[in-house]
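Asker: I have a structure here, written as structure tokens, and I will follow up with some questions on it.
The values are calculated or read from the model by the stated rules, or taken from the named source; none is laboratory data. If you're wondering where the values come from, they're calculated on a predicted model, not measured in any experiment. A quick note on method: Cβ atoms are made from the backbone with ideal geometry, for glycine too, and the neighbour counts reach across all protein chains shown. Side chains included, ligands, DNA and RNA excluded: accessible areas come from the protein's heavy atoms. Shrake-Rupley method; radii C 1.70, N 1.55, O 1.52, S 1.80 Å.
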Amino acid sequence: MGALRPWARFPLLVVAHLLALGIGAAVFQALEGPPARQLQAKLRAELATFQAEYGACLPPGALEELLGTALAAQVHGVSSLGNGSEAGNWDLPSALLFTASLLTTTGYGYMAPLSAGGKAFCVVYAALGLPASLALLAALRRGLLPLLSRPGAWVAGQWQLAPARAALLQAAGWGLLVAATFVLLPALVLWGLQGDRSLLEAVYFCFGSLSTIGLGDLLPGRGRGLHPVLYHLGQLALLGYLLLGLLAMLLAVETFSELPQVRAMVKFFGSSGLLTAEDQGGILGQDELALSTLPPSAAAPEQAPTC
């Protein structure tokens, strides 16, 4: 691949990406197609049974109209099912969670503006709030990333590791820490609080939230008949989890993106395949690691006596 011209590398990357999309679609089709057809057949059987028992009491098309209205309301987060813990979707805790999911681009999809004014404000709010959120995250990243590199520099100095290996070790350590603190631990708590969810579903929800996928098919506490106070406390906890977790995920992604191997790959598919000294460096500075790995006698050489 090193013999490829720079203009031929980017199309190769695009083709590989399209191939990955096709493989992913084929896998999802094979995994999700049969369960979806089974659920559709079950729903049709339930509707046929209901119409056979109560069809004589309902006008033609009344059931379909009622179900269509209920489904259309459900899209906007409005439902008449359950108890009062989910009755007010636009109270303050719910609105705070909605704005947080909007500004973090999570977008669970279980709530959506109904009015024209709400939709217009959502567009303006997101257009102004998203750049502000990105600027805040960039400022926090710039301030926290040097602090997070200090343990890696200390370990590299103690073990006398090469810069590339020290950067890889720090990225792996930070990735494991984020996965354990913001994915596995919250998933265990969610799994313990909601007995109707499996551990896999809890991990699926946590990862979907922090990766800003936010499919919205799983939401903590919905449909469980929780007390309104507990339900709103859970919403506020989810708000804090989103803000802190996304910051941790951003730092983890930034740490991995600064690996020499990753930067070399990006440089290879860029306009030129030549690697600069900056690309060969890692998260930890070359000079910092070089000084930390030298013995004390070599770290501060003695100056020659002056005449």
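Asker: Val124 to Ala112: extension gain in nm, 0.36 nm per residue of separation minus the Cα-Cα distance? Please report the intermediate quantities before stating the final value.
Answerer: Values: separation 12, 0.36 × 12 = 4.32 nm, distance 1.49 nm.
Difference between extended and current length: 2.8 nm.
Asker: Which order do Cys122, Cys206, Cys57 take when ranked by solvent-accessible area (1.4 Å probe, heavy atoms of all protein chains), largest first?
Answerer: Values: Cys122 30, Cys206 5, Cys57 110 Å².
Ranked from most to least accessible, the order is Cys57, Cys122, Cys206.
Asker: Taking the simple approach of a point 7 Å from Cα along Cα-to-Cβ for both Leu67 and Ser257, what is their distance in nm?
Answerer: Placing both labels 7 Å along Cα→Cβ, they lie 4.6 nm apart.
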